[in-house]
Amino acid sequence: MDELDAAKCCKRRLEHLKEYCNPRATETSIKQWKKRRLDRMLVEHFLRSGYYDSAIKLAVHSNIEHLTNIDLFLVSRQVEESLLRKETGQCLAWCHDNKSKLRKIKSPLEFNLRQQEFIEFIRQNKRIEAIKHARKYLSCVEGDQKIDLQHVMGLLAFSPDTEVEPYRTLFEESRWSNLVEQFRQANFKLYQLSPTSVFAITLQSGLSALKTPQCYSKETEKNPDCPVCSDLLNKLAMPLPCSHCSQSRLVCHISGQPLNEHNHPMVLPNGNVYGELSLKQMAIDNGGKIICPRSKEVYDLKDAEKVYVM
Amino acid sequence: MDCIINVEKEVDNVIGKFSSVQDKTDQILMDLITNLQKLQRDLIFLSTSNQCELSGIQTVIINQNIAKIRDTISQVAMNHREIHGAVSKVGKVLDKNFISNYSHLTSDTFKQEGLNPYLLNQAIIEHFLRQGMLEIGEELMREAKISVPEEKKNPFSELNDILAGLKKHNVKPALEWIKANKEKLGDRHTQLEFKLHRLQFIEYLRQGVHKQKEMIEYARQNFQSFADDHEKEMQSLMGSLVFLKSGIAQSPYSHLLDPINWNEICDIFTRDACSLLGMSVESPLSVTFNAGTIALPALLNLRQVMLQSSVPSVWTTKDELPIPIDLGKNSQYHSIFACPILRQQSNDSNPPMKLICGHVISKDALNKLTIGNKLKCPYCPVEQNPTDARQIQF
């Protein structure tokens, strides 16, 4: 029955994707579809970042629960929370449920969990139990794990407040959050989800595609409609590459209209270029005078010269 | 589109198999159960008639039944395996037609560590605020432990209330807001106001015949001032009245009832309200995201090509994408001048220069083309002194 549900879920998602390619789709419905796509990706992104409540709220709000993997992530939420409480039980049970798949992707998760349990025994100074635990679970290791295990076994000789490396790091609390991270990655791999958030990657490529050097130059060059010029995204896009352009693409600084043979670029004596249409409109509004919006200098319309950009 | 059809075929196949197998199994099991029930009755009859020994025939029947049960089990198991084949095929087709892992793109094109999560979350919160999803924004603030100053939130909360009203198909708060901000909205308000009145009218329409009187009254009161600009739409609204009795849903006017109208008005309203607050018309996040969905396939393709031709690293200049990406006319916010001679984007040290004939080339190209004290325009016969060229700014 689970399989049938999964198949139906697949079908629903396909239906949703098909809506976009529907030849009868109107502009409005495409817009709505794109909005849903953004919400969908945001939900996924939240789930990945561990913002579960936001994810659920957004999914309910936009009515896209059936298009997201919330159920899947809610299971992992429980496991993650238990790990943060320093309980290994749930995660081990999860490992057991997915044993064969985990072995296929060679996940060291279970080994690391057992190792952590051992460390906790030492921390509580229960060394006999630690040895028993190691005999039971850590006896069959191979490859790289051997070195790890040797370090961990070395702990038997140290107390939790030791300053000796690498034993000091083994006692660190951050190992638990590492385990959470490891669990997440294993979970993604298991369900063939991309290890990084699709939303973040799409946003990055979008920022790059939109980013121009002008977005970072003087204040006057900024376009209020340009997303990369907006405060937050501007900072976000800082480390990303700019868009590439081998063909000039000119837009009028005043109207945002493209400059071409129908809207000739005109240069004012101060070197600033604007579209012919905008300048003419401005001349009509101001009684034949043009005020350069950037420098506030006043010219006549006939001062503007045509420029030719190939 | 192709990939969707491919996968859908397989999924349909699986669903079909599921139901056929289920039917078959049900059938077999029913047969088996009736058989067994008959047998049970026989046995009970036997035991009541004090015959302790089973006759030879009865033993054979029982044995036959047992064999049959075994057969059925193996058959059901086989059917189940068949399903598995179909299911795994879906997985394969999915893998082939959709890309599941985008991470290799990050390592090549972008910095490894990705976007700064703090800034990213702030950007997402702002997006929610301006979309009128105040509640979700606040939830995210809580979970991501980010605080946004109150004065940034306040203008949005009014918006939020109005949108909540619109979601409940209540246009009143929105209309009041328009009245309050009529001056500032300028030309835009008529468009929005008419759309709102239109929706109110449709809402009455949806409620059926008994609202007819209210509808006509409402139209008389509110539509007059829009008659010039929206004649056509109004005609179609009035036309729908004819079908009120027989039911709009079956009439040519059924599209009026489409709930998408309400979603649209929410968007239009948000847009206008945002521009009133001095923000960009569209949410920067969604614009960027949409640009990303265009850019991403191109970048993925590029990577594929690069892998095949085994070029280890063409990204010599890390500060620019390797290929131009056409995002369409509407996504162009800045002028970009690329020198027609050197095919390079202009920048502060290499600005565009206007020759006296009006042609524009970059400063670097100008220097390269200059021989002695003379420069011939690469596009026309004019000769000039390179110092006559003037720097311009787009």
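Key figures for this structure:
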read-out	value
Any chance A:Thr196 is β-branched (Val, Ile, Thr) and either under 30 Å from A:Glu181 (Cα atoms) or in the same structural domain as A:Asn69 (by the TED database) (or both)	yes
Conditions (1) modelled with pLDDT of 80 or more; (2) assigned to a loop (DSSP other than H, G, I, E, B); number of the one not met by A:Arg184	(2)
A:Ala93, sole failed condition from (1) hydrophobic (A, V, I, L, M, F, W, C); (2) surrounded by fewer than 19 Cβ atoms within 10 Å (Cβ to Cβ); (3) closer than 22 Å to B:Val287 by Cα	(3)
Hey, A:Ser139 surrounded by fewer than 18 Cβ atoms within 10 Å (Cβ to Cβ), over 34 Å from the mean Cα position of the chain (by Cα) and either small (Gly, Ala, Ser) or under 30 Å from A:Val75 (Cβ atoms) (or both) or not	yes
Top-ranked residue in segment A:20-43 [being hydroxyl-bearing (Ser, Thr, Tyr) and part of a helix (DSSP H, G or I); ranked as farthest from the other protein chains (Cβ to nearest Cβ)]	A:Tyr20
Filter result for B:Ala273 (at pLDDT 75 or above, touching a Ser or Thr at 6+ places or on another chain (Cβ under 6 Å) and crowded, with 16+ Cβ neighbours inside 10 Å)	no
Residue list for segment A:214-272, filter: in contact with an Asp or Glu (Cβ under 6 Å, 6 or more places away or on another chain), more than 8 Å from chain B (Cβ to nearest Cβ) and of a type in the set (S, T, N, Q)	A:Asn263, A:Asn270
Segment B:382-394, subset of a type outside the set (Gly, Ala, Ser) and within 14 Å of chain A (Cβ to nearest Cβ), residue nearest to B:Ser335 (Cα to Cα)	B:Phe394
Residue in segment A:176-193 that is within 30 Å of A:Gln78 (Cβ to Cβ), polar (S, T, N, Q), surrounded by fewer than 19 Cβ atoms within 10 Å (Cβ to Cβ) and within 14 Å of chain B (Cβ to nearest Cβ) present	yes
Conditions (1) closer than 30 Å to A:Phe199 by Cα; (2) away from every other protein chain (no Cβ under 14 Å); number of the one not met by B:Val171	(1)
Qualifying residues in segment B:73-116 (those that are more than 10 Å from chain A (Cβ to nearest Cβ) and closer than 20 Å to A:Ser243 by Cα) - the one modelled with the lowest pLDDT	B:Gln112
Exclusive hit being closer than 24 Å to A:Tyr274 by Cβ, at pLDDT below 80 and either under 44 Å from the mean Cα position of the chain (by Cα) or not in a loop (DSSP other than H, G, I, E, B) (or both), set B:Leu327, B:Leu366	B:Leu327
Total residues in segment A:259-310, condition part of a strand (DSSP E or B) and of a type in the set (Gly, Ala, Ser)	1
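The values are calculated or read from the model by the stated rules, or taken from the named source; none is laboratory data. Small disclaimer: the values here were computed from a predicted structure and weren't measured. Quick reminder, even Gly has a Cβ in these numbers, built from the backbone with ideal geometry, and neighbours come from all protein chains shown.
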